[in-house]
Amino acid sequence: MRRLVRWLHHWGTSLPGLLRPPDRTTAFLRYGLERTLHDGAAAETSALALELGMISSAVADRDVEKRLADAQRRVTDILEDLRKVGSMIYPPVLATTGLGPGLHAVAEGRGLRLRLDLPSTELGAEARSRTGLLVADHFQTLRPGSVVRVRVRGRRLVRVRITDQQPGGAMPRERRAVLRCA
Amino acid sequence: MRVAIAEDGALFREGLVLLLEAAGHEVAGCFADGDALIAAVATDPVDVAILDIRMPPGPDGGLTTAERVRALRPDTGILLLSHYAETHYLTRVLEIGAERIGYRLKERIAGVRVLGDTLDRISAGEIVIEPALAQRLVRGGASQDGSPLASLSERETDVLRLMAEGRANNAIAGELFISAKAVEKHIAAIFTKLGLPGDATVHHRRVLAVLAYLQARRIDGSGG
């Protein structure tokens, strides 16, 4: 019995697992949410930081100046949190530039070492978005310092293979996904 | 200093105008997209153009507008602002130019002094990089196993971080309370330890070499 458990555990970690890609509606919704956050709360909080800076320049009282500096620091912390949330909803470089730079940016933010193998011809908008979110979401589950290889093939039927090795000599793991795109 | 702004967020745009005026600068024009700024700068040159990266035209219109400003008016300084500090945007910024250019987080220039310092440095021909991004690049590179960055002393790491922000020798010396001669010595040691090519005495080449090295290390660990 113990041998069977060991065998199942071994094959469970070495056989490729399947990842569930986000559907088209989810990808579109996530794009919209990040934009709302960026153009709404983040933009208004950045404007608030400017206003605090303006008030600070007109104040002569040391105590008030210190309190304004504290408030500005808190605003900066809030923006840092908004940045993290926004990046997880829809990575900004993926939104503005594309799949390769977008995934490199997410990997960098997570402290991962990425080897990326993409098709020679650029994917369509839907495939780029859904594939990018699928891989970026998986990156969020990996420990910093992990080495991760991502291979993407196909155009309408996109096949994704992610191999990762977490630091500390762990067994490499493989994940796969197939996306049917319009 | 005469400044033009292109930013699609009305609140931030208005706040920036007030802050620039409080800092004693003249706002020559204020626009909601890059095309309008280009049309204005073509007839009325400014010292520095401040551009939001994520604004029309296109998803990263600030970057394409910056390219057009640089082609149209090579002497105009460019400050790109963003809600995000990303090395991808930094790479794009450095492709546009290695002099009279800067990339900073929006909320980090929210003070008369810091905004004035950023614009002065750009106007003087320097590259200005968001300190939070420079720090992330240095830390990330140093945390990798076997990285030559780990062999740098604490002082050398501080100097490297300030170099990655685009700081000149005198500014680094002032920040760390050491002499300019000591800064030169640390920079020579950093270049030797990291095996960086190029002339460490030419400011912008030195900054580019350091940033290229750090970006390569951070992204796939293959740099150096």
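Could you tell me which residue out of B:ALA4, A:GLN140, B:LEU105 lies farthest along the dipole of the protein assembly as shown toward its positive end? Charges go on the beta carbon: Lys and Arg +1, Asp and Glu -1, centred on the Cα centre.
Of the listed residues, the answer is A:GLN140.
From the Cα gyration tensor of chain A, with a ≥ b ≥ c the square roots of its eigenvalues, which class applies: rounded if a/c is under 1.5, or else prolate if a/b is larger than b/c, or else oblate?
Values: a/c = 3.16, a/b = 1.86, b/c = 1.70.
In terms of gyration-tensor shape, prolate.
What does the average come to when, for each residue of peptide A:100-110, you count the partner chain Cβ atoms lying within 10 Å of its Cβ?
4
Shape of segment B:2-129 from its Cα gyration tensor (a ≥ b ≥ c, root eigenvalues): rounded if a/c is under 1.5, otherwise prolate when a/b > b/c, or oblate? Spell out each step's value before the answer.
Numbers: a/c = 1.15, a/b = 1.08, b/c = 1.06.
Since a/c stays below 1.5, the shape of segment B:2-129 is classed as rounded.
Might you report the magnitude of the Cβ-based charge dipole of segment B:88-203 about its Cα centre, with Lys and Arg at +1 and Asp and Glu at -1, to the nearest 20 debye?
The dipole magnitude comes to about 160 debye.
So for segment B:2-129: antiparallel DSSP bridges make up what percent, rounded to the nearest 5? Don't skip to the end; give the middle numbers.
Details: 0 of 22 bridges.
Of the beta bridges lying entirely in segment B:2-129, close to 0 percent run antiparallel.
Helix A:2-14 versus the longest principal axis of chain A: what is the Cα-based angle in degrees, 0 to 90, to the nearest 10?
The two axes meet at around 60 degrees.
Got a sec? Charge dipole of segment A:31-88, +1 on Cβ for Lys and Arg, -1 for Asp and Glu; which of A:MET88, A:LEU52, A:VAL75 is way out at the positive end?
A:MET88
Order B:2-14, A:92-104 from most to least packed using the mean count of other Cβ atoms within 10 Å.
Ranked by mean Cβ neighbours within 10 Å, highest first: A:92-104, B:2-14.
With unit charges on the beta carbon (Lys/Arg positive, Asp/Glu negative), name the residue among B:GLY29, B:GLY58, B:THR118 whose Cα is farthest towards the positive pole of the charge dipole of segment B:1-133.
Of the options given, the answer is B:THR118.
Taking the Cα centre of segment B:7-138 as the origin, how large is its charge dipole in debye, to the nearest 20, when only Lys and Arg (+1) and Asp and Glu (-1) carry charge on their Cβ atoms?
Its charge dipole is roughly 320 debye.
Rounded, prolate or oblate: which fits chain B when a ≥ b ≥ c are the square roots of the eigenvalues of the alpha-carbon gyration tensor, with rounded for a/c under 1.5 and prolate only if a/b beats b/c?
prolate
Need the list of lysines near B:LYS181 for cross-linking: C-alpha distance under 21 angstrom, and skip anything on the same chain fewer than eight residues off.
Output for B:LYS181: B:LYS193.
What are the extents of the Cα atoms of the protein assembly as shown along their three principal axes, in Å, largest first?
78, 50, 46
Ignore the peptide's own chain and count Cβ atoms of other chains within 10 Å of each Cβ in B:110-116; give me the average, rounded.
The shielding value for this peptide is 5.
How about segment A:80-157: which GluC sites (Glu not before Pro) there lie in a loop by DSSP and see at most 16 other Cβ atoms within 10 Å?
A:GLU122
Would you mind counting up the charge near A:ILE55? Only other residues with Cβ under 11 Å from its Cβ, with Lys and Arg at +1 and Asp and Glu at -1.
Surrounding charge for A:ILE55 is -1.
Regarding segment A:31-88, what are the three Cα extents along the principal axes, ordered largest first, in Å?
Sorted from largest, the Cα extents of segment A:31-88 read 44, 15, 9 Å.
Gain in length, B:LYS185 to B:ASP35, computed as 0.36 nm per residue apart minus the alpha-carbon separation, to one decimal in nm?
Full-extension gain reported as 49.4 nm.
Can you quote the Å³ per residue value for the convex hull of the Cα atoms in segment B:152-213, rounded to an integer?
It comes to 68 Å³ per residue, whole-number rounded.
Please identify, among A:PRO91, A:PRO119, A:PRO21, the residue showing maximal mean-square fluctuation in a Gaussian network model of chain A using a 10 angstrom Cα cutoff.
Maximum among the listed residues: A:PRO119.
Summing -39500 (n - 2.57) over the DSSP H runs of n ≥ 4 in the protein assembly as shown and dividing by its residue number, what mean residue ellipticity at 222 nm do you reach, to the nearest 500 deg cm²/dmol?
Mean residue ellipticity, 222 nm, calculated: -17500 deg cm²/dmol.
Report the label-to-label distance for A:GLU122 and A:PHE28 in nanometres (one decimal), using points 7 Å from each Cα along the Cα→Cβ vector.
2.2
Once both axes come from the Cα atoms, what is the angle between helix B:131-142 and the longest principal axis of chain B, in degrees from 0 to 90, rounded to 10?
Compared with the principal axis, the helix lies near 30 degrees.
Exposed loop trypsin sites (Lys or Arg not before Pro) only (DSSP loop, at most 16 other Cβ atoms within 10 Å): please give the longest stretch of chain A free of them, not including the sites. Please list the in-between numbers first.
On the way: sites that count: A:ARG155, A:ARG156.
With trypsin sites (Lys or Arg not before Pro) excluded where exposed in loops, chain A gives A:1-154 as its longest stretch.
Any chance you could give the angle, 0 to 90 degrees and rounded to 10, that helix A:62-89 forms with the longest Cα principal axis of chain A?
20
Treating only the Cβ of Lys, Arg, Asp and Glu as charged (+1, +1, -1, -1), what charge dipole size does chain A show about its Cα centre? Round to the nearest 20 debye. Can you show the working numbers first?
Values: 31 positive and 19 negative charges, 343 e Å.
With only Lys, Arg, Asp and Glu charged at Cβ, the dipole is about 1640 debye.
Can you give the relative contact order of chain A as a percent, counting alpha carbon pairs under 8 Å and 6+ residues apart?
25 percent.
Just so you know, all these numbers are worked out from the coordinates, no wet-lab data involved. Just so you know, these numbers come straight off a predicted model, no measurement behind them. Neighbour counts run over all protein chains shown; Cβ positions are idealised from the backbone, glycine included.
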